[in-house]
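Below is one structure, written out as structure tokens, with a few remarks after it.
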Amino acid sequence: MADNENNNKGEQNKHLVYICGENERFLNQLITVTGPFYNSVAFDDTSVLLDELETQLPKTLIVDADKAHSNAISTISKVRSHFKSDRVPILLTISASREDLVTEANKFSGITILDKPFRPIQLFNAISNEINANIEASWDLIEPIQREALKLTLSSYNSIANMIIDGEPLDYNNMAESCKPLVEAVKNQNYHELLRGLRDYDNYSYVHSMRVATFLSLFADAIGIRGEDHMTLTTGGLLHDVGKMLLPYELLNKSGRLNEYEFETLKCHVAYSVDFLYHTKGLPKGVSIIAGQHHEKLDGTGYPHGLSGGKLNQLARMATIIDIFSAMTDRRTYRESMQPEQAIALMSEMTGHLDHKLLSTFREMLLDSVEKD
Ligand SMILES: [Fe+2]
Ligand SMILES: [Fe+2]
């Protein structure tokens with residue numbers, strides 16, 4: 001799929017991040033690093049920043065404290081006293097040696113400190129944390145079962161990231177437990193707020209995995225799959241791309257078409273997922289089939305094994321349909337998301353790739369229960 005086809009339209013989907021400081025070179029570096037992923041705007045003048053804040057609030061304000069001399073604390077003070085709230089989270093980038101300024105900064109609310117020097121991934125994580133803290137707070141307002149579905153799956157998903165780094169195995173029972181509210185919400189056709197709650201969440205892998213889990217769970221429910229098998233499809237959706245946690249941030253979030261090397265690297269996520277899941281205690285076989293075969297195609301042109309026809313069981317065929325549908329309708333920072341009807345129409349033209357009987361069942365299910373966001 002041409003992910004960058006709506007690049008310009010999609011620019012507005014990027015979260016707005018303001019950066020304020022006196023070191024022009026450092027500001028330019030931050031703009032270069034964050035620009036591909038955020039709508040970043042730099043200010044070297046606090047009064048201009050304050051004027052802009054009157055017009056539009058960013059999702060995060062980065063204030064840089066320069067080594068030699070710094071107006072950072074005065075900037076933070078002006079922003080906080082002017083707006084009388086901490087609705088704009090502030091990320092203070094500062095050298096660890098400036099303990100005096102850190103102490104001063106911590107007197108204000110909603111300040112996170114990022115010690116310099118830092119790696120780009122630390123900056124991305126810090127920005128995401130600020131954005132997501134506000135989104136997670138908004139989940140408190142949604143219907144309890146959907147709120148629980150979001151909170152428990154997010155907690156499980158984040159814990160997997162640590163397990164992969166630490167080389168520890170996942171316990172499937174814990175994963176299934178965390179997916180119970182999601183299964184319940186799906187059974188009650190009570191999942192629209194949950195999908196809306198994911199909309200601006202700044203962790204694409206989690207958002208995509210949750211959307212796959214939700215649609216796969218709905219699909220399973222629609223064709224009469226119940227009990228443990230229903231749970232297998234739901235957890236399988238959440239875990240299907242788990243190996244992507246081992247891939248670089250820049251690759252997973254690249255806005256343009258991937259070059260050949262990048263695409264080969266991306267393909268490795270399937271083997272990484274299967275390897276990780278192999279060590280999972282109590283894992284149903286169906287989950288590893290979903291993770292291992294969701295990029296295979298009926299005519300044998302998929303990856304990693306080029307499996308075809310009868311070698312692809314129903315779980316893999318369902319997972320492939322849902323993965324493609326979700327990828328097309330996911331909201332990305334660099335393009336508009338596709339409408340469900342348009343995605344189904346394009347998938348119907350993918351002759352030889354997909355199980356069209358299952359695709360038309362999925363289409364009917366969607367017509368009955370269209371995602372209303
Ligand atoms: Fe995948
Ligand atoms: Fe996927």
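The values are calculated or read from the model by the stated rules, or taken from the named source; none is laboratory data. Computed from a predicted structure; not experimentally measured. As a convention, Cβ positions derive from the backbone with ideal geometry for all residues, glycine included, and neighbour counts pool all protein chains shown. Side chains are part of the model used for accessible areas, which takes the heavy atoms of the whole protein and leaves out ligands, DNA and RNA. Shrake-Rupley method; radii C 1.70, N 1.55, O 1.52, S 1.80 Å.
Residues considered: Ser109, Ser205, Ser288. Largest GNM mean-square fluctuation over the chain, using C-alpha springs under 10 Å, is found at Ser109. Magnitude of the charge dipole for the chain, about its Cα centre and with charges confined to Cβ atoms of Lys, Arg (+1) and Asp, Glu (-1), is about 380 debye. What is the Cα radius of gyration of the chain over 2.2 N^0.38 Å, N being its residue count? That ratio works out to 1.07. Ignoring solvent entirely, what values of log10 I(q)/I(0) come out of the Debye formula for segment 208-247 at 0.31, 0.35 Å⁻¹ when each Cα is a single scatterer? Taking Cα atoms of segment 208-247 as identical point scatterers yields -0.95, -1.09. Give me the percent of the accessible area of segment 7-131 that comes from carbon and sulfur atoms, probe 1.4 Å, all protein chains in place. C and S atoms contribute 47 percent here. Near Asp64, the amide H atoms lying under 5 Å from its own belong to Cys20, Gly21, Thr93; only residues 5 or more places off or on other chains count, and H is placed 1.01 Å from N.
Computed over the chain with a Gaussian network model linking Cα atoms closer than 10 Å, the most mobile of Ser77, Ser128, Ser337 is Ser77.
Counting only alpha carbon atoms, the long axis of helix 120-139 and the longest principal axis of the chain meet at about 70°.
Please compute the net charge surrounding Asp221, taking Lys and Arg as +1 and Asp and Glu as -1 over other residues with Cβ under 12 Å from its Cβ.
Neighbour charge sum, excluding Asp221 itself: -1.
A crude spin-label estimate for the pair Lys267 and Asn173, with each label 7 Å from Cα along the Cβ direction, gives 3.9 nm.
Below 16 Å Cα-Cα, how many Lys pairs turn up in segment 7-131? Only count pairs eight or more apart in sequence, or on different chains, if you could.
Details: Lys14/Lys59; Lys67/Lys116; Lys78/Lys107; Lys84/Lys107.
So the count works out to 4.
Under the convention that each Lys and Arg Cβ holds +1 and each Asp and Glu Cβ holds -1, the size of the dipole of segment 41-183 around its Cα centre is about 140 debye. A straight Cα-to-Cα reach below 19 Å connects Lys357 with the lysines Lys297, Lys311, residues fewer than 8 places away in its own chain not being considered. Calculated accessible area for segment 32-114 comes out at 50 Å² per residue, all protein chains present (probe 1.4 Å; ligands, DNA, RNA ignored).
Please report, in debye to the nearest 20, how large the charge dipole of segment 213-300 is about its Cα centre when each Lys and Arg carries +1 at its beta carbon and each Asp and Glu carries -1 there.
Working: 8 positive and 11 negative charges, 28 e Å.
The dipole magnitude comes to about 140 debye.
Label-to-label distance for Lys116 and Glu260 is 4.2 nm, based on points extended 7 Å past Cα in the beta-carbon direction.
Per-residue packing, averaged as other Cβ atoms within 10 Å, sorts the ranges 229-236, 40-47 into the order 229-236, 40-47, beginning with the highest. Helix 72-83 axis versus longest C-alpha principal axis of the chain: approximately 70°, rounded to the nearest ten. Summarising the label geometry, the points placed 7 Å from Cα in the beta-carbon direction at Glu143 and Leu246 lie 3.9 nm from one another. Rolling a 1.4 Å probe over the protein heavy atoms of segment 203-321, with every protein chain left in place, gives an accessible area that is 53 percent carbon and sulfur.
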